[in-house]
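K.L.:
Here's a structure for you.
The values are calculated or read from the model by the stated rules, or taken from the named source; none is laboratory data. Bear in mind that the values here come from a model prediction, so they are computed numbers and not experimental data. FYI the Cβ positions are ideal-geometry reconstructions off the backbone, even for glycines, and counts take in every protein chain you see. Keep in mind that these areas ignore ligands, DNA and RNA; they rest on the heavy atoms of the full protein, side chains included. Shrake-Rupley method; radii C 1.70, N 1.55, O 1.52, S 1.80 Å.
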Amino acid sequence: YRREVERLLQWSWLIAKKSLPALKRDDIEAYIEFCMAPPKAWIGLKRVPRFIKKEGQRIANPAWRPFIAVISKKAHRDGDLPNAKSYTLSQSALQAIFAILSSFFNYLEQEEYTFGNPIAQIRQKSKFLRKHHGKKAIRRLSELQWAYIIETAELMANENPALHERTLFIMNALFAMYLRISELAASERWIPQMGHFYKDMDSNWWFKTVGKGNKERDISVSNAMLEALKRYRISLGLSSLPSPGEAVPLIPKALGKGPIEGTRHIRKIVQYCFDKTVERLKSDGFNDDAEMLMAATVHWLRHTGISEDVKIRPREHVRDDAGHSSSAITDQYIDIELRARHASAKKKPIKL
């Protein structure tokens, strides 16, 4: 929210030379077009903190820019570097601009700082936003890719248990419990602990977490996931199952004490496993799968776990375990109709 509001304020003051109450519908349309093709001086080539500390003072970072040019993971691996010419504004980023600024102007209107919402007055948003018919494609792993990934994690754990039993557990948890990476990392709001795995009165195991929107939820733990937990705990020198209230960090640091804080370290662990899997896929001749895996992110594990489970479990159960706010979100993962649709089209002739 701060980023989007800051961008608007900077454009309003520095480019349009207007204050917020003076902005009208035409100004907002001009601002959107500016965001789609900002000047090179406004585009950064890497993400840096908005503020830095210097001599005990929190000051603006001179290297920070309102917009960032990014390239794909594969392009980065191929040695390409981002440049200002590669900057593009995605449809999801455009949607975020409209949604956040509309909320911002509604607030300003309620505070009687402005009168009217110029975002709401833009009737032809369609010239900026594309409508998508049908289901949005879910980025997920193929069955072959996932089989290779989990096998790679197991091989790594067998070769170096002290380091990679943790890797194996992370991969299992992200897939089997559809965890977001933020739900494994310690933060100010939540520190995942062994005691968050617990058994109910019916001897069923659950995992308690706090996810998006600071919402707490309980995730059902499968027998396979319970076995993965046992293996992980034994490798740490713990009992096979946690006791109630056990405060041992779920994902401890390899060096030092305490849990891994922040998502960056966990992201690196997962990416290392992905990279090793790419090597194995290529060596076995699965070059296409290897190329596709090079573009995968940690979140694809969650998508894949949900997509596989929704085939065999009631969608309401998957919805609650995933922490979706509605069944409509879970429905996006049901690709049976897409498979049938493509199967019926596969043998369509062109020459009659």
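K.L.:
Determine the calculated [θ] at 222 nm for the chain from helices alone, applying -39500 (n - 2.57) to every DSSP H run no shorter than 4 residues and normalising by the residue count; nearest 500 deg cm²/dmol.
P.N.:
Result for the chain, helices only: -13500 deg cm²/dmol.
K.L.:
Moving to a separate point now. Leaving out ligands, DNA and RNA, what percent of the accessible area of the chain is carbon and sulfur, probe 1.4 Å?
P.N.:
Summing carbon and sulfur atoms, their accessible area is 53 percent of the total for the chain.
K.L.:
How tilted is helix 299-309 with respect to the longest principal axis of the chain? Cα atoms for both, answer in degrees (0 to 90, nearest 10).
P.N.:
60 degrees
K.L.:
I've got another one for you. Across all directions of projection, what mean area in square nanometres is found for the Cα convex hull of the stretch 246-304?
P.N.:
Across all orientations, the stretch 246-304 yields a mean hull projection of 5.5 nm².
K.L.:
Going down the table (LYS199/LYS311; LYS215/LYS346; LYS268/LYS346; LYS85/LYS311; LYS53/LYS268; LYS212/LYS276), which pairs top 32 Å between alpha carbons?
P.N.:
Check vs 32 Å cut-off fails for LYS215/LYS346; LYS268/LYS346; LYS85/LYS311.
K.L.:
What Rg and what Dmax come out for the stretch 170-232 when only alpha-carbon atoms are used, in angstroms?
P.N.:
When restricted to Cα atoms, the stretch 170-232 yields Rg and Dmax of 11.4, 33 Å.
K.L.:
So for the chain: antiparallel DSSP bridges make up what percent, rounded to the nearest 5?
P.N.:
80 percent
K.L.:
Send over a whole-number figure in Å² for the accessible area per residue of the stretch 1-104, probe 1.4 Å.
P.N.:
Heavy-atom accessible area per residue stands at 62 Å².
K.L.:
Just the accessible area per residue of the stretch 200-277, please: how many Å² with a 1.4 Å probe?
P.N.:
58 Å²
K.L.:
If you average over every viewing direction, what projected area does the convex hull of the Cα atoms of the stretch 38-128 give, in nm²?
P.N.:
9.3 nm²
K.L.:
With everything on Cα atoms, drop me the angle between helix 336-345 and the longest principal axis of the chain, reported from 0 to 90° to the nearest 10.
P.N.:
The helix 336-345 is inclined about 80 degrees to the chain.
K.L.:
A further question on this structure: Using a ≥ b ≥ c from the Cα gyration tensor of the chain (square roots of the eigenvalues), is it rounded, prolate or oblate, where a/c under 1.5 gives rounded and otherwise the larger of a/b and b/c decides, a/b for prolate?
P.N.:
prolate
K.L.:
Report, to the nearest 10°, how far helix 25-36 tilts away from the longest principal axis of the Cα atoms in the chain, using its own Cα long axis and a range of 0 to 90°.
P.N.:
That helix lies at roughly 50 degrees to the long axis.
K.L.:
Provide the packing ranking of 81-91, 312-322, 272-282, i.e. peptides ordered by the mean count of other C-beta atoms within 10 Å per residue, highest first.
P.N.:
272-282, 312-322, 81-91
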